[in-house]
């Protein structure tokens with residue numbers, strides 16, 4: 001009996017040590033809501049739709065873990081799937097959110113796999129809605145892509161400064177550049193002030209480059225937080241038919257109480273091409289409110305209007321109005 005007790009105690013000690021060194025976390029969010037939108041087709045019809053993959057926040061299920069390697073080093077992973085709440089189907093590939101593994105330490109971290117781009121990680125700090133309402137606000141489009149496949153990425157934070165660099169492998173026979181992505185980013189955050197910038201270059205499978213850069217910042221004063229951002233993208237998709245897209249946005253968030261906040265934002269998208277008929281512009285005005293029921297559950301609502309011209313029009317319509325409301329549960 002004593003021998004058994006000793007054995008159990010030894011196994012318990014080892015199990016405790018292992019659990020202290022390694023952690024695995026299940027996380028995610030579920031957004032259920034509806035959206036009403038006008039002028040969705042050439043006839044000027046309106047549409048009431050379910051949130052699907054998430055109107056305010058993306059529906060996701062993820063698993064991430066970290067193992068202590070000693071000497072300040074760790075090994076970690078993150079895999080994340082997206083789903084449609086309305087019918088339970090999967091959005092895209094199994095882990096279309098993230099799928100990466102890496103090594104980290106005091107010097108930063110190097111991760112390999114599908115992961116959020118340096119531009120995405122930089123812009124989120126100065127987007128008025130922090131990348132909520134991704135299907136409505138145009139800040140996601142201003143990242144030139146949320147995720148990169150086959151990416152080797154470095155992220156390091158030293159005091160108020162964060163540096164990022166990425167190379168995404170193109171996997172094309174005979175060319176290390178075709179299909180690849182190169183990116184760098186840097187941001188600063190200290191007290192009420194934060195700002196940053198990122199530069200990205202993607203090469204198509206045929207060897208044509210798309211160049212993108214973004215800069216922006218935010219300032220917090222009491223219950224108010226102001227944000228301002230800009231992004232410029234030049235697509236060399238066809239010889240002699242380059243497309244330039246410029247994104248500008250500004251916003252203000254007000255925390256009326258610990259559980260109530262309001263955000264107003266303006267987003268502008270301008271496209272231009274060598275052929276003038278391809279030019280277009282979108283001016284989007286948004287006002288959103290959020291009421292927290294707990295630290296992980298909140299109600300949301302937004303009203304928005306988009307003025308459209310040129311090739312930015314939807315089904316020939318020059319304006320669209322939208323209203324969204326729903327509930328989000330984070331776990």
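Brief remarks on what is shown
- The lone criterion from (1) more than 17 Å from residue 229 (Cβ to Cβ); (2) touching a strand residue (DSSP E or B) at 6+ places or on another chain (Cβ under 6 Å); (3) surrounded by 18 or more Cβ atoms within 10 Å (Cβ to Cβ) left unmet by residue 200 is number (1).
- Some residue of the range 182-196 being modelled with pLDDT under 95, over 20 Å from residue 129 (Cβ atoms) and not in a strand (DSSP E or B): no
- Residues satisfying the criterion are present in the range 281-288 (criterion: more than 30 Å from residue 223 (Cβ to Cβ), part of a strand (DSSP E or B) and in contact (Cβ under 8 Å) with a residue 60 or more places away in the chain).
- Test for residue 274: is it surrounded by fewer than 17 Cβ atoms within 10 Å (Cβ to Cβ), more than 23 Å from residue 56 (Cα to Cα) and either under 20 Å from the mean Cα position of the chain (by Cα) or without any contact (Cβ under 8 Å) to a residue 60 or more places away in the chain (or both): yes
- Test: residue in the range 159-182 that is under 30 Å from residue 301 (Cβ atoms), out of contact with any helix residue (DSSP H, G or I) (no Cβ under 7 Å at 6 or more places or on another chain) and free of Cβ contacts under 8 Å to residues at least 60 places away in the same chain: no
- Single unsatisfied condition, residue 49 versus (1) surrounded by 13 or more Cβ atoms within 10 Å (Cβ to Cβ); (2) in contact (Cβ under 8 Å) with a residue 24 or more places away in the chain: (2)
- In the range 314-330, residue modelled with the highest pLDDT [restricted to those that are more than 25 Å from the chain's Cα centre (by Cα) and either within 26 Å of residue 29 (Cβ to Cβ) or not in a strand (DSSP E or B) (or both)]: 318
- Complete set of residues in the range 289-303 that are part of a strand (DSSP E or B) and either within 21 Å of the chain's Cα centre (by Cα) or free of Cβ contacts under 8 Å to residues at least 12 places away in the same chain (or both): 289, 290, 297, 298, 299, 300, 301, 302
- Among the numbered conditions (1) assigned to a strand (DSSP E or B); (2) over 24 Å from residue 245 (Cβ atoms), the only one that residue 271 does not meet is (2).
- Residue 157 vs. criteria over 30 Å from residue 279 (Cα atoms) and modelled with pLDDT of 95 or more: yes
- Residue within the range 209-221 that is out of contact with any helix residue (DSSP H, G or I) (no Cβ under 8 Å at 6 or more places or on another chain), within 30 Å of residue 298 (Cβ to Cβ) and exposed (fewer than 14 other Cβ atoms within 10 Å of the Cβ) present: yes
- Contact annotation: residue pairs with Cβ atoms under 6 Å, 6 or more positions apart or on different chains, pairing a residue in the range 59-78 that is at positive phi and surrounded by fewer than 16 Cβ atoms within 10 Å (Cβ to Cβ) with a partner that is at pLDDT 95 or above and outside any strand (DSSP E or B), are 72/106.
- Taken over the range 99-123, residues that are buried (at least 18 other Cβ atoms within 10 Å of the Cβ) and more than 15 Å from residue 166 (Cα to Cα) amount to 3.
The values are calculated or read from the model by the stated rules, or taken from the named source; none is laboratory data. The structure displayed is predicted, hence computed values, not measured ones. Cβ: placed from backbone, ideal geometry, glycine included. Neighbour counts: every protein chain shown.
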